[in-house]
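Enquirer: Attaching a single structure in structure tokens format; questions to follow.
The values are calculated or read from the model by the stated rules, or taken from the named source; none is laboratory data. All of these numbers come straight from a predicted model, not from anything done at the bench. Heads up, the Cβs are rebuilt from the backbone with ideal geometry, glycines too, and the neighbour counts pull from every protein chain shown. In case anyone asks, the SASA skips ligands and DNA or RNA and just uses the protein heavy atoms, side chains included. Shrake-Rupley method; radii C 1.70, N 1.55, O 1.52, S 1.80 Å.
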Amino acid sequence: MDNNKKHIISFSNSPLLGELEEAFISLQNVCVTQYSKNVLHNISFTLHSNNHLAIVGESGSGKTVLAKAIAGQLFSKGNIQINYSKNNYLQNKIVFVEYTEAYKNLSNISDFYYQQRFNSCNAEDANTLQQELEKIITPISQVNILLEKFNLLHRINAPLIQLSNGEQKKLQIIKALIQQPKILILDKVFTGLDATSRKELEQLLYNISTEGTTIILITDENNIPSFITHIAELSNGNLIQFTQKENFKLSSTKNISYKQNKIPIIQHSKAFHSIILMNNVSVNYTNKTILKNINWQVKQGERWLIKGANGAGKSTLLSLVTGDNPQAYANEIYLFDKKRGSGESIWELKSKIGFVSPELHKYFDKSISIEHVVASGFYDTIGLYKPINAQQKEDIKQWLDFFGLSHVRNKSLSAVSTGEQRLALVARAFVKNPPLLVLDEPCQNLDDNHIQQIIQLINNICSQTNTTIIYVSHYANEVPDCITNVLELNNGIATIYTKEKFKVA
């Protein structure tokens with residue numbers, strides 16, 4: 001056998017399977033090389049019919065690469081064989097749901113940009129949710145049950161660009177389920193979903209797992225659904241265990257510790273009466289109200305959690321703060337004691353804010369190097385277009401070292417794992433030491449070690465400086481202890497209370 005050729009996923013009616021066997025997946029010495037680096041090393045295991053697999057491991061361990069290899073979406077060495085019984089021969093029924101999906105505009109070009117979501121006139125260049133689903137199935141009424149199940153039926157005419165991160169994740173899942181896959185591979189499918197949606201999705205996946213669909217999930221060890229039967233753990237591209245779920249015990253992972261003397265944390269000398277002040281702020285798109293009469297004050301040094309279900313308006317609220325939403329000028333909003341529209345440029349505003357979000361990650365230029373991703377935080381640009389001075393170079397080096405990214409500093413964003421991409425964007429938010437940090441799901445796609453590292457870092461910043469924090473997460477274990485106040489959105493209406501009364505959803 002020629003191990004240098006691309007593997008061929010074979011479908012067979014093997015008599016060894018028997019009439020009751022529906023599917024099995026067998027990997028033998030599967031290797032993958034990307035960007036001249038060996039990413040997977042001799043992966044071998046067999047998943048029999050009626051079994052379902054969770055792939056776990058630290059950030060950058062090769063989880064997504066393994067899933068894509070099984071789905072036949074990339075070049076690999078070795079052998080991957082997928083067998084169906086005679087009565088269930090469905091050659092084209094492997095469906096892979098990526099972590100995120102890049103939608104195309106009406107000209108069939110993927111040239112959307114982050115702020116376009118908040119510009120209603122530009123959103124007309126995007127398909128609506130209904131138009132996107134009609135590419136797969138007509139009439140759309142056949143999927144209304146799924147749309148209602150995921151609370152998307154009321155968004156049927158919304159442009160894709162205006163769907164929230166969580167709503168876009170739900171759309172990806174619906175599109176996959178419409179195809180009635182025999183093998184369904186899901187990359188971090190629970191990421192970005194609120195607690196209710198996660199429970200509903202797990203129940204839905206359980207139902208289809210009992211109906212003959214083999215499910216493979218890329219997830220973390222804390223989010224393994226009950227229907228999973230086997231777990232494959234990866235580390236540095238190696239399969240360190242493949243076992244039944246009841247026998248699984250997470251192998252020791254690298255210990256990441258916080259080194260205070262390496263991080264440039266300073267007290268902010270300039271005092272502000274209010275970092276954020278909103279008076280009766282409302283945001284509307286066509287006939288839909290996103291935010292309604294928001295009254296909110298954030299004083300310097302306060303730490304807030306923004307809470308709410310998918311589509312509740314969290315990202316829209318943050319876009320008014322970060323300068324990305326033009327409707328800020330139609331409302332009474334004060335940022336750093338200055339009224340929006342009173343002469344301060346958007347760049348002057350952004351210079352005071354460190355920002356990271358799933359949407360920024362999605363639309364960030366993946367061609368630039370990790371080092372330039374971090375450096376761009378000094379200028380709030382997607383790319384580095386100005387020279388950096390000696391002190392800035394030192395700050396960048398310290399943040400790269402802190403997050404364990406020094407070895408990939410010259411690699412493009414597209415050449416590293418999704419978790420490493422997110423760490424680079426988090427470093428970008430911190431690098432200029434801004435008086436306000438807006439952290440929208442900063443721990444998304446990270447393993448437990450890196451999550452604890454970021455939480456510890458935020459708590460240290462809060463204890464040592466007067467930095468103001470605005471934080472978003474759907475997971476209680478990702479909320480730093482320094483958070484004291486909560487703004488919860490429900491259908492665009494805000495409720496404000498102290499941390500002691502909240503539950504993350």
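Enquirer: Determine the principal axes of the Cα atoms in the range 275-386, then give the extent along each, sorted from largest to smallest and rounded to whole angstroms.
Expert: Per principal axis, max minus min of the Cα coordinates gives 42, 30, 28 Å.
Enquirer: In straight Cα distance, which aspartates and glutamates are under 19 Å from Lys352, not counting same-chain residues fewer than 8 positions off?
Expert: Counting by Cα, and skipping residues close in sequence, Lys352 has these aspartates and glutamates nearby: Glu302, Asp324, Asp337, Glu344, Asp380, Asp395, Asp440.
Enquirer: In a shell of Cβ-Cβ distance under 15 Å around Asn491, excluding Asn491 itself, what net charge do Lys and Arg (+1) and Asp and Glu (-1) give?
Expert: Taking every Cβ under 15 Å from that of Asn491, the sum is +2.
Enquirer: Can you give the accessible area of Lys292, probe radius 1.4 Å, in Å² rounded to 10?
Expert: The accessible area comes out at roughly 110 Å².
Enquirer: In nm, give the distance between the simple-model label positions of Asn459 and Asn157, each being 7 Å from the Cα along the Cα-to-Cβ direction.
Expert: My value for the distance between the label points is 4.9 nm.
Enquirer: Pop the C-beta distance of Gln142 and Asn449 into the FRET formula with R0 = 41 Å and round what comes out to the nearest 0.05.
Expert: 0.40
Enquirer: May I ask you to derive the FRET efficiency for Glu211 and Asn284 from their Cβ-Cβ distance with R0 = 35 Å, giving the value to the nearest 0.05?
Expert: The pair Glu211/Asn284 has a calculated efficiency of 0.25.
Enquirer: Using a 10 Å cut-off on Cβ atoms, rank the peptides 334-342, 126-134, 467-475 from the highest mean neighbour count down.
Expert: Result, highest mean first: 467-475, 126-134, 334-342.
Enquirer: Ok, one more. Only Lys, Arg, Asp and Glu count, each charged at its Cβ (+1, +1, -1, -1), so figure out the dipole size of the range 163-210 about its Cα centre, rounded to 20 debye.
Expert: Approximately 100 debye in magnitude.
Enquirer: Share of Cα-Cα pairs in the range 437-483 beyond 11 Å, in percent?
Expert: Beyond 11 Å sits 65 percent of the P(r) for the range 437-483.
Enquirer: OK, next. Could you list, in their original order, any pairs among Lys37/Lys411; Lys63/Lys432; Lys169/Lys314; Lys299/Lys350; Lys68/Lys175 whose Cα atoms are separated by more than 23 Å?
Expert: In this structure, Lys63/Lys432 lie more than 23 Å apart at Cα.
Enquirer: Determine, for each peptide in 348-361, 206-219, the mean count of other beta carbons within 10 angstrom over its residues, then list the peptides with the highest first.
Expert: 348-361, 206-219
Enquirer: Which one of Ile346, Phe378, Gly313 has its Cα pushed farthest toward the positive end of the charge dipole of the range 303-385, where Lys and Arg give +1 and Asp and Glu give -1 at the Cβ?
Expert: So the residue we want is Gly313.
Enquirer: What does the charge dipole of the range 271-430 about its Cα centre add up to, to the nearest 20 debye, if the Cβ of each Lys and Arg holds +1 and the Cβ of each Asp and Glu holds -1?
Expert: The calculated dipole for the range 271-430 is roughly 300 debye.
Enquirer: Something else now. Counting only DSSP beta bridges with both residues in the range 369-505, what percent are antiparallel, rounded to the nearest 5?
Expert: Around 60 percent of the beta bridges assigned by DSSP in the range 369-505 are antiparallel ones.
Enquirer: Moving to a separate point now. Measuring from centroid to centroid over Cα atoms, what is the spacing of the range 314-374 and the range 161-229 in Å?
Expert: 31 Å
Enquirer: Might you tell me the accessible area per residue for the range 254-397, computed with a 1.4 Å probe and given in Å²?
Expert: 46 Å²
Enquirer: Also: Regarding the range 336-398, what whole-number volume in Å³ per residue does the convex hull of its Cα atoms give?
Expert: Once divided by residue count, the hull of the range 336-398 is 122 Å³.
Enquirer: Quick one: net charge of Phe248's neighbours, Cβ under 11 Å, K/R +1, D/E -1?
Expert: Result for the local shell: -1.
Enquirer: So, one more: For Ser76, list long-range residues whose amide hydrogen, built 1.01 Å from N in the peptide plane, is under 5 Å from its own amide hydrogen.
Expert: Distant-sequence amide H within range of Ser76: His7.
Enquirer: If you don't mind, there's one more thing I want to ask. Any idea of Cys482's accessible area? Nearest 10 Å², probe 1.4 Å.
Expert: 20 Å²
Enquirer: So, counting K/R as plus one and D/E as minus one, what does the shell of residues with Cβ under 15 Å around His273 add up to?
Expert: It works out to a net charge of +3.
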